[in-house]
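Peer 1: Below is one structure. I have some questions about it.
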Amino acid sequence: MMKLHLRIATCLAAWAAASVYAQSPAERFVDSLMAQMSWEEKIGQLNLPSVGFDVTGPMLSTGVEEKMKQGLVGGVFNTFTPVAVRKLQDFALEHHPHHIPLLFGYDVIHGHRTILPIPLGQAASWNLHLIELGANMAAREAAADGLNWTFSPMVDIARDPRWGRVSEGAGEDPWLGSRIAEAMVKGYQMPQMQSHYSLGYPQSIMACVKHFALYGGAEAGRDYNTVDMSPYRMENDYFPPYKAAVQAGVGTAMTSFNDVNGMPATCNSFLLKDVLRKEWGFDGMVVTDYTAINELMFHGMGNGAEVAKRALLAGAEMDMVGELYLTHGDSLRKVHPEVGVAIESACRNILLAKFRLGLFEDPYRAWKEADSEVIMSAEHKELAKVSAMESMVLLKNENRVLPLNSAQKIAFIGPQVKRRRDMIGNWSGAGDWTQSRSLWDAVESWDNVSYALGCNLVQDAAMMDQLNPHGAQLSLDERSSEALIKEAVKLAKKADVVVLALGEPYGMSGEAASRSSLTLHDQQQALLEAMAATGKPVVLVLMNGRPLCLSEADGSCNAILEAWFPGTMGGDAIAALLSGEQSPSGHLTMTFPRNEGQIPIYYNHRNTGRPFDAQQKYTSKYLDVSNRPLYAFGHGLSYADYSLSNLVCERVGSELHVSYDLTRSYEGYGGPASQVTQLYLHDVNSNMTRPVLELKGFDKRDLMPGQTQTIHLVVSRNEWGYFNSDRHWVMEPGEFEVSVGFSSDQRPLQTTVVLD
Ligand code: NOJ
């Protein structure tokens, strides 16, 4: 008996020693800190109020300083600038019983002070390195402004352009979305710069992958709406970018507002525990979206205490603004021991995040005077210009009306010619729109240019009333539409070419900005038609945050340049492309429908049993519109001409090696141009219906006129497997079609291979 006791004691000691040994320094530190903390203080770490300069949700936090004094705040968001942050951090450190530093978060979405194109635009650059550099730039500026955490990247796959938040993501493709998610996490967190603390490099910031999960699947494209989705679609089409961000080491994840198959994401343990933690191995911290726990009450999940319990038990750790954990956490844990366990675990993960950021050693991270020099620096503005140029997509260029030539008399017409506000788009963080460059700022010094407004950007008073309180800066020119158009026509008639800048004001896309009609509004369309009627070539430059329905507009112009909301240097970037200083090189990452009735429309759809056949009545089609989009995924023209040849596919070990030649023609445009080529697979024969096409690789490169280069792409074996309807990963040997082209609907190189 004695011996047995001895053996157990020795085992326990060994286990204790081993577990201490197995713990990382971070875990040891956090455990010893938590051993000294009261329950109230632990629950306090779970509280994330909004204080400061920006309002990004429907309700404001109150009494924050008072709560800080009691150690009831884990972090804040919407406060920045070194002065404001230092003041708050000092206050927190001084008053917190254990001097625990705060996290400082903010929506640094596409740049911080220097603003880059909206994420949908950056994705259209198909330039992962540039996207990473952009996130890097944003991180440096944000860190110099006292921040240590961004609520980005937003990686929600979206197939419905009515949803305003498509502007914040990378579009419809899971594979490209995954690569972009990785690039952004790397760009913000800078793993290559980290040493002692895994997120501690003072110019980096912690990233947050959002909105987990499936927020982009909202029914009818209406923000915050219900999501109902098969496991098959979830796994293959919507999960990959979140998973890629986790695998890239993202520090935090944000729950989404929507429900998923009847269970809100914020109290969904399948999503937050089974998938995120167990299956993907996420070891960071989970924050809710703005008051998302409180909103569980509207979802019908119970009263305040009940929803707090549900969210805690499901694994939602930090409560953004709602304060339901603060209100109910302590009484809940007294009755439900499992709630206590959840609070401990959430607090541990929040403190671990702070440890990884190095905040316990340097709560201010290294803010030096010199740091602020990076903000809006010449290098950052140059990067913003390059990023904007690469993001723009030339949708159409009839008769090569673009590039313009310097001898032409150019009439710049339209409400977007002079506006600076919309340049930086929605979620433009701490960006100062007054410092952004409008198209007119960039071209007014050109010879032979003239300007007319042509029409109001928004004509509808009710719409203006919705947008203006949120900073849209919209005003009405009181002249009649006819008078505005008349003035523009007069100007156009004197010019050789008309550049018409139309689109949306920035507030028409982004959060809570769903739309049911995606055409240009009546006066914009009327202006466009009046310009076409002058007989002058018309170049339409569009600024907007989503795919629009452009069938009518397309019929009234010769060229379309999709400029998105292009950021601080947007005007210069548009001007550089119009003048031919550089060729456009962006390609769409989201399909442009012909009309709203085609939505959802996306290139990687599955086939039906009755594929489209114009000669047959009983096939899958509309009577009143084609099945095909107006502009397909991957579409984007260049001023230069290219051809593709010599497709070779080879199996090398577990990989498929694909090579092909890209040639730039001698003729025509001779300026700098890059071209994107895209590689698609199609599983011909499988146990489940598979997409008609799946992007599996791409290349973007510059070629000189007359130059040919061989491009090599490698597709790893995982790329041709998929999750079946039971969520099991399967590899199905057999025939695959391989195609390479300039867009999903223009793939001149095609072959078949057998893969196992
Ligand atoms: C609500 C938005 O859904 C989310 O994307 C954002 O990060 C938070 N508000 C914080 O501003």
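Peer 1: Work out, in µm²/s and without decimals, the Stokes-Einstein translational diffusion coefficient of the chain at 25 °C, 0.890 mPa s, Rh from Kirkwood over C-alpha pairs.
Peer 2: It diffuses with D of about 90 µm²/s by this estimate.
Peer 1: Ranking request for peptides 599-609, 429-439: highest mean number of other beta-carbon atoms within 10 Å first, then the rest in descending order.
Peer 2: Highest to lowest by the protection proxy: 429-439, 599-609.
Peer 1: Compute the helix-to-body angle for 481-494: its Cα long axis versus the longest principal axis of the chain, expressed 0 to 90° and rounded to tens.
Peer 2: Compared with the principal axis, the helix lies near 60 degrees.
Peer 1: Over region 642-755, average the accessible area per residue using a 1.4 Å probe and give it in Å², no decimals.
Peer 2: 46
Peer 1: On alpha carbon coordinates alone, what is the Rg over Rh value for region 642-755, Rh being the Kirkwood radius?
Peer 2: Ratio value, two decimals: 1.04.
Peer 1: With the contact rule set at Cα under 8 Å and sequence spacing of 6 or more, what percent relative contact order holds for region 276-381?
Peer 2: Relative CO of region 276-381 lands at 25 percent.
Peer 1: Among the listed pairs LYS385/LYS490; LYS385/LYS493; LYS278/LYS696, give every one whose C-alpha distance is greater than 30 Å.
Peer 2: Over 30 Å Cα-Cα: LYS385/LYS490; LYS385/LYS493.
Peer 1: Follow-up question, since we're still on this one. If all Cα-Cα distances of region 381-586 are sorted into 5 Å bins from 0 onward, what percent lands in each bin, rounded to whole numbers?
Peer 2: Taking all Cα pairs of region 381-586, the binned fractions are 1, 8, 17, 22, 22, 17, 9, 3, 0 percent.
Peer 1: Excluding ALA411 itself, calculate the net charge of residues whose Cβ lies under 14 Å from the Cβ of ALA411, where each Lys or Arg counts +1 and each Asp or Glu counts -1.
Peer 2: Charge balance near ALA411 sits at +3.
Peer 1: Still on this structure, I have one more. So, counting K/R as plus one and D/E as minus one, what does the shell of residues with Cβ under 12 Å around LEU395 add up to?
Peer 2: With Lys, Arg at +1 and Asp, Glu at -1, the net is -2.
Peer 1: Using alpha-carbon pairs under 8 Å, 6+ residues apart, how would you state the relative contact order of region 642-755 in percent?
Peer 2: With pairs under 8 Å counted, the relative contact order is 29 percent.
Peer 1: I've got another one for you. Summing +1 for each Lys or Arg and -1 for each Asp or Glu, what net charge is found among the other residues whose Cβ lies under 12 Å from the Cβ of PHE151?
Peer 2: Within the 12 Å Cβ shell, the charges total -4.
Peer 1: Enumerate the calculated ³J(HN,Hα) couplings along region 516-525 in order (Karplus 6.51 cos²θ - 1.76 cosθ + 1.60, θ = phi - 60°), each rounded to whole Hz, writing x wherever the residue is Gly or Pro.
Peer 2: 9, 10, 10, 7, 5, 6, 3, 5, 5, 5
Peer 1: While we're here: Enumerate the lysines that LYS486 could reach by cross-link, defined here as Cα to Cα under 20 Å, with residues fewer than 8 away along the same chain left out.
Peer 2: Those lysines meeting the cut-off are LYS409, LYS418, LYS494, LYS536.
Peer 1: Right, next: Spelling out what I want: for every residue of region 721-728, take phi, set θ = phi - 60°, compute 6.51 cos²θ - 1.76 cosθ + 1.60 (Karplus), and round to whole Hz; glycine and proline get x.
Peer 2: Using θ = phi - 60°, the values come out as x, 7, 8, 7, 5, 8, 6, 9 Hz.
Peer 1: Hull surface divided by four, with the convex hull built on the Cα atoms of region 550-698: how many nm²?
Peer 2: Mean orientational projected area (region 550-698, Cα hull): 13.3 nm².
Peer 1: What is the set of long-range amide H partners of MET392 at a cut-off below 5 Å, with H atoms built 1.01 Å from backbone N?
Peer 2: SER585, GLY586
Peer 1: While we're looking at this one, here's another question. Normalising by the residue count of the chain, find the relative contact order in percent from Cα pairs under 8 Å and 6+ residues apart.
Peer 2: 13
Peer 1: Which of GLN408, TYR106, GLN203 sits closest to the plus end of the dipole of the chain, meaning its Cα is farthest towards the positive end, when Lys and Arg get +1 and Asp and Glu get -1 on the C-beta?
Peer 2: With unit charges placed on the Cβ atoms, the residue in question is GLN203.
Peer 1: Need one number: % antiparallel among DSSP beta bridges in region 381-586, to the nearest 5.
Peer 2: The answer is about 20 percent antiparallel.
Peer 1: Could you tell me what percent of the accessible area of the chain is made up of carbon and sulfur, with a 1.4 Å probe and every protein chain present?
Peer 2: 52
Peer 1: For n ≥ 4 DSSP H runs only, could you compute -39500 (n - 2.57) per run for the chain, divide by its residues and tell me the 222 nm figure to the nearest 500?
Peer 2: So the helix-based figure for the chain works out to -8500 deg cm²/dmol.
Peer 1: Take each of the peptides 546-557, 661-672, average the number of other beta-carbon atoms within 10 Å over its residues, and list them starting from the highest.
Peer 2: Ranking, from highest mean packing down: 546-557, 661-672.
Peer 1: Which of the lysines could be linked to LYS69 by a straight reach, that is with a Cα gap under 28 Å, when you skip same-chain ones fewer than 8 residues away?
Peer 2: Cross-link targets: LYS42, LYS87, LYS309, LYS334, LYS354, LYS368.
Peer 1: Using a cut-off of 18 Å between alpha-carbon atoms, which lysines can reach LYS381, once sequence neighbours fewer than 8 places away in the same chain are excluded?
Peer 2: Straight-distance partners of LYS381: none at all.
Peer 1: Let me ask you something else. With only Lys, Arg, Asp and Glu charged, each at its Cβ (+1 for the first two, -1 for the last two), find how big the charge dipole of the chain is about the Cα centre; round to the nearest 20 debye.
Peer 2: 500
Peer 1: Which angle between 0 and 90 degrees, to the nearest 10, do you get for helix 2-22 versus the longest principal axis of the chain when only C-alpha atoms count?
Peer 2: 30
Peer 1: Taking the chain as the reference, fit the longest principal axis to its C-alpha atoms, fit the long axis of helix 324-335 to the helix C-alpha atoms, and give the angle between the two in degrees, 0 to 90, nearest 10.
Peer 2: The angle comes out at about 30 degrees.
The values are calculated or read from the model by the stated rules, or taken from the named source; none is laboratory data. The shown structure was predicted, so the numbers you read here are calculated from the model rather than taken from an experiment. Positions of Cβ are generated from backbone atoms using ideal geometry, with glycine treated the same way; all protein chains shown enter the neighbour counts. Just the protein is used for accessible areas: all its heavy atoms, side chains included, with ligands, DNA and RNA removed. Shrake-Rupley method; radii C 1.70, N 1.55, O 1.52, S 1.80 Å.
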